[in-house]
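Since every read-out is calculated from the coordinates, none of them should be taken as a lab result. Owing to the predicted nature of the structure, the values given are computational and were not obtained by experimental measurement.
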Amino acid sequence: MISVFVTWLIIACGALACVYMLWGAWSRFPRRDFDDVVHFLYPVDLSLAEALLDPAAEFDISWKLAPQEFREAQRKRMSLYVELVRRMAHNSKVLVEFSNAEIIREDLLRSDRARTLQQTAIEVRIYALLTLLKLRVWMWVSKTPTMPHLRKAAHVDGLKTYDALKTAAEAAFLHLPPTDLETLTRNL
């Protein structure tokens, strides 16, 4: 009799845990609108990222500095690139949340643009997560990692894809007034 009670208690606890996890997953992703998107984006300087990943600039730095100084300079450059990639990941997450809310709407044109934005944002997110993983491992293991190898991850060119994300975001928010669209592109 007690074993039957314990069995049902375990089943009930498991069912409650599943309901709690589903509620947590459902409530975790907020429905984003334009006002949420613009103010939650972090600016990413693609020209700085391009300069950090430039092989000629890295060779020039390695040529001018002693090995110990080069390692220190390289770690600083990597830390700066980590911040840029974190911003890319965050922005892509916010845009995926916005796209999810837009896809549900009845407007087919906005829904198609949101799907394009969502696909590009997912590619940027994949690049960012794999690049952050690479950077963490390299900073921990390698003495002198090379930054130009970080341009691509999982066959995704991070900087080109992020630029495509900007273009897709402009297309998805085309219905906005020009000042709001400028604010969006500046925050991306």
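Whose amide H sits under 5 Å from the amide H of residue 153, counting only residues 5 or more places off or on another chain, with H placed in the peptide plane?
158
What are the ³J(HN,Hα) couplings of region 161-172, residue after residue, when phi is run through the Karplus curve with 6.51, -1.76, 1.60 and θ = phi - 60°? Round to Hz, x for glycine and proline.
Taking θ as phi minus 60°, the curve returns 5, 5, 5, 5, 5, 4, 5, 5, 5, 4, 5, 5 Hz for region 161-172.
Using only the Cα atoms of region 68-147, what do you get for the radius of gyration and for Dmax, in Å?
Rg and Dmax of region 68-147, Cα atoms, are 17.2, 59 Å.
Among the lysines, which fall within straight-line cross-link reach of residue 76, defined as a Cα-Cα distance under 24 Å, with same-chain neighbours fewer than 8 residues apart omitted?
Hits, sequence-local ones excluded: 64, 134, 143, 152, 160.
Note the listed values (i) 8, 27, 26, 21, 12, 5, 1; (ii) 9, 29, 24, 17, 12, 6, 2, 0; (iii) 9, 38, 40, 12, 1, then indicate which one is P(r) over Cα pairs in 10 Å bins from 0, in percent calculated from this particular structure.
(ii)
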